[in-house]
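Below: the structure, in structure tokens.
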Amino acid sequence: GQAYSTKAWPWLASSSAAESMAAEVATWDTKYGCDGVDLDIEGSAGSQTAGNNLVAFAKKLRELNPNMIITQPVYGSPQIAAENTMVNQGFTTNGQSLGLIDSVGIMVYNDEGSLAWVKDYGNATSQWDGFPIKVNVPYSDIIVGINGNAGSGSIATMASDIKSQGLGGMMTWLSSVWDATKNKPAFTYGGGAMDATKTNTTTGPAWEKALQSWGPMPTYAPTNHTTTPAPIPIGGCLFQSQGADSQNHQLNLTKYQGTALAKVDDNNQEIVYEISPCDNILTCNNMTVMSTAINIVEMECMSYLSMWKGGTTIPHYDSTEKIWQFIYTNGQQCNNGFETIF
């Protein structure tokens, strides 16, 4: 963001220009498989005028594509007017989200240094008079930064503190996407000195442990890009109900609507299943769908499993295996609970 913020962004010169850009960005999920935007505006580009128009952009994007993720990175010390405006317009003084942005990411990457700045956003109203942040961001919506080449100790400490403080997670500067066709990072920065992907042979297990400490997340797999993607298993339940609901074979995922759940396959840790209950917010081969099977070694979607349409599940029919990939029974509406069969 800093490299692109040496001068004003043309599409933030007016609210109409910002809304026109929002109309374009709203199509990026279907055009490019892009599920969100990170509004990293810094330096001289982040003026108050730009901030006002950035709010107009985000509001229009929400209107046109409610499923698009919008994140707002900030400096540790609030000092960019546009960033501060987005935060102030996105939350309330009692810590409620107004739906403008999904998270606030603190761009401090030295070891666990970003944790020291959480209070400036999570408890901003308790700071000194005239403090630029006038609202309190829910801790669960705050993402803290960490360097991509951080040591295993720092990764572990950060993961523990994130969990104990109820924060939303960590963002890495940087972590490139691996290009399996060339067996190297597809995009990197500064020669990859801070690239978590480049150093994953030594710190990969630490990242894995950090992810596992927060709940069911994809398991770290050593870099091996010659592996042939395994076929999608035919049998077995992906998500199972617990307690009283299990006796009725019901699974109530109402509280997860609008989010994505993930589960590693029990027999093949190269495969991760994703589901966005009662919503199409996942991307697979340029389609927005409800559930997918992902090969995390090849970093590709193997197949979509189902779509959500008109209050019901539309399972994917595999003509080769002659099976329905994903079926919901015992109620199709989110608030009725449902049983999953795979």
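A few remarks follow.
- Restricting region 107-143 to residues that are of a type in the set (Val, Ile, Thr) and without any contact (Cβ under 8 Å) to a residue 60 or more places away in the chain leaves a set whose member that is farthest from Asp195 (Cα to Cα) is Thr125.
- Test: residue in region 83-105 that is touching a residue at least 40 places away in the same chain (Cβ under 8 Å), touching a strand residue (DSSP E or B) at 6+ places or on another chain (Cβ under 6 Å), buried (at least 16 other Cβ atoms within 10 Å of the Cβ) and of a type in the set (Asp, Glu): yes
Residue-wise test of (1) β-branched (Val, Ile, Thr); (2) in a helix (DSSP H, G or I).
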{"position": "Gly130", "(1), (2)": "no, no"}
{"position": "Ile143", "(1), (2)": "yes, no"}
{"position": "Ile146", "(1), (2)": "yes, no"}
{"position": "Ile155", "(1), (2)": "yes, yes"}
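- Every test in (1) farther than 26 Å from Gly169 by Cβ; (2) modelled with pLDDT of 95 or more is passed by Val37 save one, and that test is (1).
- Tally, over region 256-283, of residues that are more than 17 Å from Ala180 (Cβ to Cβ) and crowded, with 21+ Cβ neighbours inside 10 Å: 8
- For region 86-108, a residue qualifies if it is farther than 20 Å from Met68 by Cα and either assigned to a strand (DSSP E or B) or of a type in the set (Val, Ile, Thr) (or both), and the qualifying residues are Thr92, Thr93, Ile106, Val108.
The values are calculated or read from the model by the stated rules, or taken from the named source; none is laboratory data. Given the structure is predicted, the values throughout are model-derived calculations rather than measurements. Here Cβ is always computed from backbone atoms with ideal geometry, including for glycine, and neighbour counts include all displayed protein chains.
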